[in-house]
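Since the structure comes first, as structure tokens, the remarks are kept for the end.
Derivation of every value follows stated rules applied to the coordinates shown; laboratory data play no part. On a predicted model such as this, the values are computed, not experimentally measured, just so you know. Because the Cβ atoms are built from the backbone with ideal geometry, glycine has one as well, and the counts that use them run over all protein chains shown.
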Amino acid sequence: MSNPGDQIPARAKERLQLMRGAGGVRPLFTSDLSVNEFLLVKEAGFDPLGLVVGSSIYHIGFQFANMSQNQEMAVLTQAMYNSRELAMSRMEAEADALGADGIVGVRLQVGQYNWGMNLAEFMAIGTAVKSRDGTNHRTPQGKPFTSDLSGQDFRTLLAAGYRPVSLVMGTCVYHVGIQGARQWFASATGQNVEMTNYTQALYEARELAMERMQAEANAVAAEGIVGARIEEQSYGWDTHVIEFFAIGTSVVQTRADHQIEKPQMVLSLNDQS
């Protein structure tokens, strides 16, 4: 497998060098954090270094399925997983080039274009940051930490004695079999009846995605996952084919005495009229 750093475009390398202040140029950071997030990340002891991006345009293959059978579409699952991993690894390579400890506010986006049938661009975007006290915040594999937490949540997590390790993901592309004639007639005549075929299909697909997300967290020796969510999307496949995507930020504790700040009431002065 090639080094992700070798796949950074020349223009991106020039941009990263300018942000670092190469050639006597004054360093200049960029960030997609809001003003409040930026200031809270700074207050937490981290300096933003620059916006980092990873991209992969991937051809999504085709797979046949039995119309009446619930089954995972393994070819499509692997395509969705590999494409996101490529985008993430290239974003991490840009963070490495900046000398960052990690990336906060990571967003994963999927775009489709009219000029490419069965093509999708997978993009990972976030703000690379570096700790001011020199503490190592990298993953056990030596990669920059990644997190999709907001700047506010990132600061709160650190203050309570935890830190993010990596963004963990699990995906499952699943074919939901067409219901049997008996169930169809029962529902068509107005009866209340569970569509067990659909229930079991969606249940199993979500479980597979969540299991894979948890496996990634175990691989980086995390203690838990915060901000976990499950997203469902169909990318122009058959109407009975759905991707279930589980994602969250894995964390570990940095100290045993977790001092959690008491919530405070805040009265907004913004005009709500």
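Of all the numbered requirements in (1) in contact with a strand residue (DSSP E or B) (Cβ under 8 Å, 6 or more places away or on another chain); (2) assigned to a helix (DSSP H, G or I); (3) over 26 Å from residue 154 (Cα atoms); (4) touching a residue at least 60 places away in the same chain (Cβ under 8 Å), residue 16 misses one, and that requirement is (3). When the criteria are applied in full, residue 102 meets the requirement of being more than 20 Å from residue 57 (Cα to Cα), within 20 Å of the chain's Cα centre (by Cα) and small (Gly, Ala, Ser).
Filtering region 119-128 for residues that are free of Cβ contacts under 8 Å to residues at least 24 places away in the same chain, aliphatic (A, V, I, L, M) and surrounded by fewer than 18 Cβ atoms within 10 Å (Cβ to Cβ) leaves an empty set. With respect to residue 95, is the statement that it is out of contact with any helix residue (DSSP H, G or I) (no Cβ under 9 Å at 6 or more places or on another chain), part of a helix (DSSP H, G or I), closer than 30 Å to residue 203 by Cα and not aromatic (Phe, Trp, Tyr) true? Taking the combined requirement at face value, the residue does not satisfy it. Filtering region 193-208 to residues that are more than 13 Å from residue 241 (Cα to Cα) and among the aromatic types (Phe, Trp, Tyr) leaves only 203. Does residue 158 fit the bill of being of a type in the set (A, V, I, L, M), under 20 Å from residue 35 (Cβ atoms) and either free of Cβ contacts under 8 Å to residues at least 12 places away in the same chain or not in a loop (DSSP other than H, G, I, E, B) (or both)? For residue 158, the condition - of a type in the set (A, V, I, L, M), under 20 Å from residue 35 (Cβ atoms) and either free of Cβ contacts under 8 Å to residues at least 12 places away in the same chain or not in a loop (DSSP other than H, G, I, E, B) (or both) - is met.
Residue count for region 129-147, restricted to those that are among the β-branched types (Val, Ile, Thr), more than 20 Å from the chain's Cα centre (by Cα) and either assigned to a strand (DSSP E or B) or crowded, with 18+ Cβ neighbours inside 10 Å (or both): 0.
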